[in-house]
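Sharing a structure below in structure tokens format, with a few things to ask.
Throughout, read-outs are computed from the coordinates displayed, never taken from laboratory work. On a predicted model such as this, the values are computed, not experimentally measured, just so you know. No Cβ is skipped: glycine too gets one built from the backbone with ideal geometry, and neighbour counts run over all protein chains shown.
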Amino acid sequence: MKSSEIRTRFLQFFARQGHTVVPSSPLVPANDPTLLFTNSGMVQFKEVFLGKEQRAYTRATSSQRSVRAGGKHNDLENVGYTARHHTFFEMLGNFSFGDYFKREAIHYAWQFLTTELALPANRLWVTVYHDDEEAAEIWLKEIGVDPARLTRIATADNFWQMGDTGPCGPCSEIFFDHGG
């Protein structure tokens, strides 16, 4: 499957779930002096997350062009760490502005990967922040992930934040096992 098909199917899937498809914001943020480059899909929603702006929608989805450099968590040193750590990439994202939270996000992610893309569930591994019992319980009891394929991570790699202050929280990620 080509990346263009994955992108289209992602945006269409979330549009069917009531998300507004929002175009990628500029690679160089127009009104954000804190960033040299857009480094994630949430950048265009920073003012919404901070409560300074409201949108006409409560759910959004996008395919954001991003550069791995700049911002609080400058991870330029991670370029080339794996075959998937690029300098320039696109980030597919779905966002809720007070409409849904962790449970629905986890269910949407799992449904997209296992139903929409038909990835085999037994090749998917899940991470949660080490003390995020709520996410672990959703993965194990509601989704039915094998406990052997759930990893708790206690580092900043599994905790999202925009900066030293402001919106932040534990992450949960899904990885595909490519084999040996």
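Would you mind getting me the FRET efficiency between Tyr100 and His130? Use the beta-carbon distance for r and R0 = 22 Å, nearest 0.05.
My answer for the efficiency is 0.40.
Would you please give the residues with an amide H less than 5 Å from that of Trp160, counting only those at least 5 places away or on a separate chain, with H modeled from the backbone geometry?
Gly169, Cys171
Further question on the same structure: Along Cα→Cβ, 7 Å out, is where each label goes; now give me the distance between the ones at Thr8 and Thr20 in nm to one decimal.
With each label placed 7 Å out from Cα toward Cβ, I get 2.5 nm.
Suppose R0 equals 41 Å. What FRET efficiency, 1/(1 + (r/R0)^6) with r the Cβ-Cβ distance, do Cys171 and Leu27 give to the nearest 0.05?
It comes out at approximately 0.95.
Output wanted: per-residue J couplings in Hz (rounded whole) for the stretch 145-151, from phi through Karplus 6.51 cos²θ - 1.76 cosθ + 1.60, θ = phi - 60°, x for Gly and Pro.
Going residue by residue, I get 5, 4, x, 5, 9, 10, 10 Hz, with x marking Gly and Pro.
Mind pulling the angle between the C-alpha long axis of helix 102-111 and the longest principal axis of the chain? Nearest 10 degrees, somewhere in 0 to 90.
So the inclination is approximately 70 degrees.
In the stretch 1-68, what GluC sites (Glu not before Pro) fall in a loop by DSSP, with at most 12 other Cβ atoms inside 10 Å?
Answer by residue number: Glu53.
What does the helix-only formula give at 222 nm for the chain: each DSSP H stretch with n ≥ 4 adding -39500 (n - 2.57), the total divided by the residues, and the result rounded to the nearest 500 deg cm²/dmol?
Dividing the helical sum by the residues of the chain leaves -5000 deg cm²/dmol.
Moving on. Would you please classify the overall shape of the chain from the alpha carbon gyration tensor, given that a ≥ b ≥ c denote the square roots of the eigenvalues, rounded means a/c under 1.5, and beyond that prolate means a/b larger than b/c while oblate covers the rest?
Here the chain falls in the rounded category.
How high is the FRET efficiency from Thr58 to Gln111, r the C-beta distance, R0 30 Å, rounded to 0.05?
Here the calculated transfer efficiency is 0.95.
Can you tally the net charge around Ile138? Count Lys and Arg as +1, Asp and Glu as -1, for every other residue whose Cβ sits under 12 Å from the Cβ of Ile138.
Taking every other residue near Ile138 into account, the sum is -3.
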